[in-house]
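This report refers to the structure that appears directly beneath it.
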Amino acid sequence: MNKNRTQCIAVMLAVIAVGVVLCACGGRKEMGNHVIVQNELFTMTGDSIIEDSVIACCPTLDRIESNISLDRLDKLYGNVDSLRVQFVQGKPWRKRSKRPIMMPEYSSDQPMIDALYDMSAEGIADAVDGSGRFQVSHNISRLYCSIYLSLAALKPHQAMATLRSLVDRDSIIMQREGQWPVVSDHIGWATAAWEVYLTTGDRKWLSYCQHVIEKTLNINREVLLDNETGLIHGAGYTSSTPLGVRRMTWMGYNDLFACMSLGNNILTGNAYAILGDMCDELGIENDYQKDAQRIKDAINQYLWNEDKGFYSSFLYGMAYHRQAPLTDNTAQAMCVLWGIADDNRAENLIAHTPVSNLGVNVSYPTANPIEPYLAHSSWATTQALWNLAAAYVGNENALRRGLGALYRAQALYQSRGIHMKNVNTDYLGTNASDAAMILRVLMGMNFTPEGIEFAPMVPACMPGKKTYTGLNYRKSVLDLTIQGTGNDIESVTDNGIALESAFIPNDVQGNHHIIITLKQGNRSSQQVTIHRNEVILPPTPVVTWSNDSGHIMDYVKGTPYRLSINGELSAMNDSVFVLPHTEGFTEFSIEIAGKYVNGFMSKPLFNFGLTPQIAFFPHTIGLDHASVMVSVDRGGDYLIDIGYRPTGTLDVRRVSVNSHPMGTLVMASGNQLDVNGLAYSNMVAVKLLKGENSIAFDQIRLPKSFTTCEPIHIRIIKK
């Protein structure tokens, strides 16, 4: 954290020199001159940010001045992947004399952080529409994260009204960005709803949420549960699954449903834990913590990558699941915060996951050369969760870098209204993320059913007193003061009375002034792994298959291609290759071995070994239930799928064998057709008995206008 003294003096002289011309910062007190972050790309102090010739600073607390220009951004990012990227600039932020909606106030010895909080507080107040709800973002998942981060504490009634609007017929609305169950991240509602209860103590809200979450999880269990792994199927926009799909152009909706994303499974596991806590609060006997533990165990078994020291963003593949060569840092931070990454995993994850000098990427490796804030509107949410996770494990170095990255982007871009043209900019998520740094990191507030636990973490580079006043908590109003730096609490007082622990019970009433004095405690690992874009995800090969050979259409000589046989890799050195003879069912694919990470697999070829058994689907279009009798010579593990004619709709069928549920088949349009004009659903692993077996297909009724495809036949494949 301590940099070379000469280098620091030089930087500060530059800050003052430019500040005199641009911001008149030269006359300010020296309270903000401590260096918070200094790396090869930018330097942040308590009152200024310098990046090459660009500076942002606070001449007064009512505005942030900057000389950043659109021309500079055009030169940096004007042509990305042959697509013209344009930036636009709005009105610079100026603090209003009065806020239309009361918000807690924050002050410290870091003027830049104070001004950014004021900007965020105004933005949160402005985000409430005439109905008393937050203006719903194009990405609801990020709204759920924002409510969890800070909106539940700052605007609980608005958060409550917003969440109610996202419920239909006593379950969370599923049909949003994409088609449920292919996109299935709606269960993030539970995390947001629970946080609202913790801050309000509203028992009617608690009872309402318990019913909604229970009904939604029951639907999800029926449709999304993978019996083989115990994970939940489907993609989610909290995760990097869409990025992976863009790189795997061969994937259709059926293949996407077969994915099992880290983000969805964390949100589902947390929803079960929350439902168990809600039932406990209501005095309802339940076993939901066992469901939460089951998903936690499955995540750690199937998605943790021991070699890399972090989690894969999702499993993919039809017959044999494999880990995607990406991390999902939004979900990884949740793993730390919600106890998925236990033992030493949480600390090692924060230390070893590669981040850039400009912040943590939504996913890594990233193929996007635009910096995180401008390329992904979820970046602020991801960075905020990452900062909370860094504070949780006590990695002050990671926290300091994360705070600097978040504040830099806000000061340079949001304060000037700069964003990518024709891209939805999630300022509410950014504002909620900024507010969370005060609420959850510097004040260290953690809301529980019993009350508020305090565990502040203040980096040594941010000295001085910090005050946070006017926070409404249930029947009380809290004024908070943090003195000192570190993450070890030396003393706590409430209205001048010493407390034994840093805890305020949920029945507290009236006005309370809480003073917490910190000291430096025992530190965990302070390691941070910085990447400088040297890790590039290899391209996904395009392969044309025949029965016994393959041809890599975009072959590049010298590239380390690998042939995957049921997930096992072997080297190859030509664009045309003969497939080895294998016994039984085999999945072949091609992928490229990178220096640090392999690429995604190509569209696979299935060698069935034995000719698949065919059973014709009953002609019951529009019927909810259909069943066939299938006889096999040998009992054991099989795969089944459905060949169907796409009709432009989405058909979802729950499969049962001999009355035992086995999985879900998705039939969507847009998948590649065979010579008979048929597309094929995803595959479901089933167990068949020797002799006769009854296979049932129950249609899952979807919202809106989705009906049925035209199933033609069922393939039964011996695995």
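In the range 281-289 there is at least one residue that is surrounded by fewer than 21 Cβ atoms within 10 Å (Cβ to Cβ) and either modelled with pLDDT under 95 or closer than 21 Å to Val336 by Cβ (or both).
Looking across the range 118-146, the residues that are of a type outside the set (Asp, Glu) and touching a Pro at 6+ places or on another chain (Cβ under 9 Å) come down to Ala121, Ala125.
Note on the range 445-488: residues that are outside any strand (DSSP E or B) and either of a type in the set (Val, Ile, Thr) or over 26 Å from the mean Cα position of the chain (by Cα) (or both) total 12. Every residue in the range 545-555 that is among the hydroxyl-bearing types (Ser, Thr, Tyr) and either at pLDDT 95 or above or under 17 Å from Gly594 (Cα atoms) (or both), please. If the condition is that a residue be among the hydroxyl-bearing types (Ser, Thr, Tyr) and either at pLDDT 95 or above or under 17 Å from Gly594 (Cα atoms) (or both), then Tyr555 is the only one that fits.
Residues of the range 287-294 include at least one that is more than 18 Å from Ser141 (Cα to Cα) and of a type in the set (S, T, N, Q).
Put simply, of Gly521, Gly484, Gly510 the only residue that is under 28 Å from Gly394 (Cα atoms), touching a strand residue (DSSP E or B) at 6+ places or on another chain (Cβ under 8 Å), surrounded by fewer than 17 Cβ atoms within 10 Å (Cβ to Cβ) and not charged (D, E, K, R) is Gly521. Considering the conditions (1) over 31 Å from the mean Cα position of the chain (by Cα); (2) among the hydroxyl-bearing types (Ser, Thr, Tyr); (3) assigned to a loop (DSSP other than H, G, I, E, B), Ser669 is excluded by exactly one of them, (1). With the condition kept exactly as written, say whether any residue in the range 179-186 is at pLDDT below 95, in a helix (DSSP H, G or I) and either within 25 Å of Val666 (Cβ to Cβ) or not β-branched (Val, Ile, Thr) (or both). So far as the range 179-186 goes, no, none of its residues is at pLDDT below 95, in a helix (DSSP H, G or I) and either within 25 Å of Val666 (Cβ to Cβ) or not β-branched (Val, Ile, Thr) (or both). For Val336, the criteria (1) surrounded by fewer than 24 Cβ atoms within 10 Å (Cβ to Cβ); (2) at pLDDT 95 or above; (3) assigned by TED's automatic domain parsing to the domain that holds Trp180 hold in every case but one, which is (3). Does Leu143 fit the bill of being within 13 Å of the chain's Cα centre (by Cα) and at pLDDT below 95? Taking the combined requirement at face value, the residue satisfies it. Every listed requirement among (1) in a helix (DSSP H, G or I); (2) at pLDDT below 95; (3) more than 19 Å from the chain's Cα centre (by Cα) is met by Asp277 save one, (2). Could you tell me whether the range 135-153 includes any residue that is in contact with a helix residue (DSSP H, G or I) (Cβ under 7 Å, 6 or more places away or on another chain), assigned to a loop (DSSP other than H, G, I, E, B), of a type in the set (Ser, Thr, Tyr) and more than 30 Å from Pro59 (Cα to Cα)? Checked against the condition, which is being in contact with a helix residue (DSSP H, G or I) (Cβ under 7 Å, 6 or more places away or on another chain), assigned to a loop (DSSP other than H, G, I, E, B), of a type in the set (Ser, Thr, Tyr) and more than 30 Å from Pro59 (Cα to Cα), the range 135-153 yields at least one hit.
In the range 515-534, the residue that is modelled with the lowest pLDDT out of those that are part of a strand (DSSP E or B) and either more than 31 Å from the chain's Cα centre (by Cα) or of a type in the set (Phe, Trp, Tyr) (or both) is Lys519.
Select, from Met112, Met103, Met119, the only residue that is in a loop (DSSP other than H, G, I, E, B) and either surrounded by 19 or more Cβ atoms within 10 Å (Cβ to Cβ) or modelled with pLDDT of 90 or more (or both). Exactly one of Met112, Met103, Met119 is in a loop (DSSP other than H, G, I, E, B) and either surrounded by 19 or more Cβ atoms within 10 Å (Cβ to Cβ) or modelled with pLDDT of 90 or more (or both), namely Met103. When the residues of the range 608-643 are filtered to those that are of a type in the set (Gly, Ala, Ser) and outside any loop (DSSP other than H, G, I, E, B), the one that is farthest from Thr366 (Cα to Cα) is Ser631.
The single condition from (1) at pLDDT 95 or above; (2) hydrophobic (A, V, I, L, M, F, W, C); (3) closer than 23 Å to Ala125 by Cα; (4) touching a strand residue (DSSP E or B) at 6+ places or on another chain (Cβ under 9 Å) that Leu428 fails is (1).
Remark: Val666 falls outside the filter, which requires a residue to be modelled with pLDDT under 95, under 23 Å from Val183 (Cα atoms), surrounded by 13 or more Cβ atoms within 10 Å (Cβ to Cβ) and out of contact with any Asp or Glu (no Cβ under 9 Å at 6 or more places or on another chain).
Taken over the range 648-669, residues that are of a type in the set (Gly, Ala, Ser) and either within 18 Å of His233 (Cβ to Cβ) or assigned by TED's automatic domain parsing to the domain that holds Gly252 (or both) amount to 3.
Considering the range 47-68, and only residues there that are among the acidic types (Asp, Glu) and in a strand (DSSP E or B), the residue that is farthest from Gly404 (Cα to Cα) turns out to be Glu65.
Does the range 590-609 contain at least one residue that is touching a Cys at 6+ places or on another chain (Cβ under 8 Å) and not aliphatic (A, V, I, L, M)? No - not one qualifying residue is present in the range 590-609. Annotation: Leu650 fulfils all but one of (1) over 26 Å from Ser564 (Cα atoms); (2) surrounded by fewer than 15 Cβ atoms within 10 Å (Cβ to Cβ); the unmet one is (2).
Arg645 passes every criterion in (1) of a type in the set (D, E, K, R); (2) assigned by TED's automatic domain parsing to the domain that holds Lys687; (3) farther than 24 Å from Asn227 by Cα; (4) out of contact with any Gly (no Cβ under 7 Å at 6 or more places or on another chain) apart from (4). Residues in the range 567-607 that are buried (at least 16 other Cβ atoms within 10 Å of the Cβ), in contact (Cβ under 8 Å) with a residue 40 or more places away in the chain and in a loop (DSSP other than H, G, I, E, B): how many? Within the range 567-607, residues that are buried (at least 16 other Cβ atoms within 10 Å of the Cβ), in contact (Cβ under 8 Å) with a residue 40 or more places away in the chain and in a loop (DSSP other than H, G, I, E, B) number 9. If you filter the range 536-551 down to residues that are over 34 Å from the mean Cα position of the chain (by Cα) and not in a loop (DSSP other than H, G, I, E, B), you find that the one that is surrounded by the most Cβ atoms within 10 Å (Cβ to Cβ) is Gly550.
The values are calculated or read from the model by the stated rules, or taken from the named source; none is laboratory data. The structure presented is a predicted model; accordingly, all values stated were derived computationally and were not measured. Here Cβ is always computed from backbone atoms with ideal geometry, including for glycine, and neighbour counts include all displayed protein chains.
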